[in-house]
1. So if R0 is 30 Å, what FRET efficiency would His76 and Ile10 give, r being the distance between their Cβ atoms, rounded to the nearest 0.05?
2. Can you run phi through the Karplus equation (6.51, -1.76, 1.60; θ = phi - 60°) for region 140-157 and list ³J(HN,Hα) in whole Hz, with x for Gly and Pro?
3. Quick query: amide H of Trp188 versus all other amide H atoms, modeled in the peptide plane; which residues come in under 5 Å with a sequence gap of 5 or more or a different chain?
4. Per 0.36 nm of contour for each residue apart, how much would the distance between Ser98 and Ile130 grow if the chain were fully extended, relative to their Cα-Cα spacing?
5. Between Lys118 and Glu176, what is 0.36 nm times their sequence separation minus the Cα-Cα distance? Round to one decimal in nm.
6. What FRET efficiency comes out for Lys107 versus Asp57 if R0 is 22 angstrom and r is the Cβ-Cβ distance? Round to the nearest 0.05.
7. What's the ranking of 122-132, 146-156, 93-103 by average number of surrounding C-beta atoms within 10 Å, highest first?
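Each value in this text was obtained by applying a stated rule to the coordinates, not by laboratory testing. Note that the structure is predicted; figures quoted are calculated from it, not measured. Every residue, glycine among them, receives a Cβ derived from its backbone with ideal geometry; neighbour counts consider all protein chains shown.
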Amino acid sequence: MKRRDYLKSIFVLGGLSLTSVSVYKWFEISRHVDVKQIADKRPVIAELAEMIIPRTDTPGAKDAGVPDYIVNVMIHCASVKEKNRFLSGIREIEDYTSGKFGKDFLKCTPAEKSAALKYVAGHARFSYPIFNKINDKFLGMPFYPKLKGLVVEGFCLSEQGATKALAYDYIPGSYEACIPLQPHQKSWATK
């Protein structure tokens, strides 16, 4: 066999293997999702949301009703791709805790839950931004960035988050583009 033919066959086999993996992932995230599966994962979503925005001197994610918001958005507003990626992310966390700690996620200690969340967050993105753009375009946003965005969005849109954790101006006066924050002032809930 000539060297050119050998190199061509290597490139063809490499391309076929990448294509087959991509096609498999595409079919995996395009399958129908039973919305009951998302609603059943509400306790896990509540724990994850509370880990991202915990209760301190301000209300936490559970107090603000963020888990219900996330479930509602995922059921009614997310595409099939996003639903499948979200559910596979929850399964990944549950598989990690059962494999690493031998327990269900909800029965883990706070340190074990934190380790599982750090594991998923660390494996959510590629080190090269171009791969992240391609991945987001064709396969949808990964689980952890989607979860984090929904938690922050749900918290800031809730009454608890907007009035007790952020500064809220009920009747805004004139528009001022740049207002410096006073010492120990909360961030503004409205822009």
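1. 0.05
2. x, 5, x, 4, 5, x, 5, 4, 4, x, 5, 5, 5, 4, x, 5, 5, 7
3. Ala167
4. Value of the extension gain: 8.2 nm.
5. 16.9 nm
6. Step by step, r from the Cβ atoms, then E = 0.15.
7. The packing order, highest mean first, is 146-156, 93-103, 122-132.
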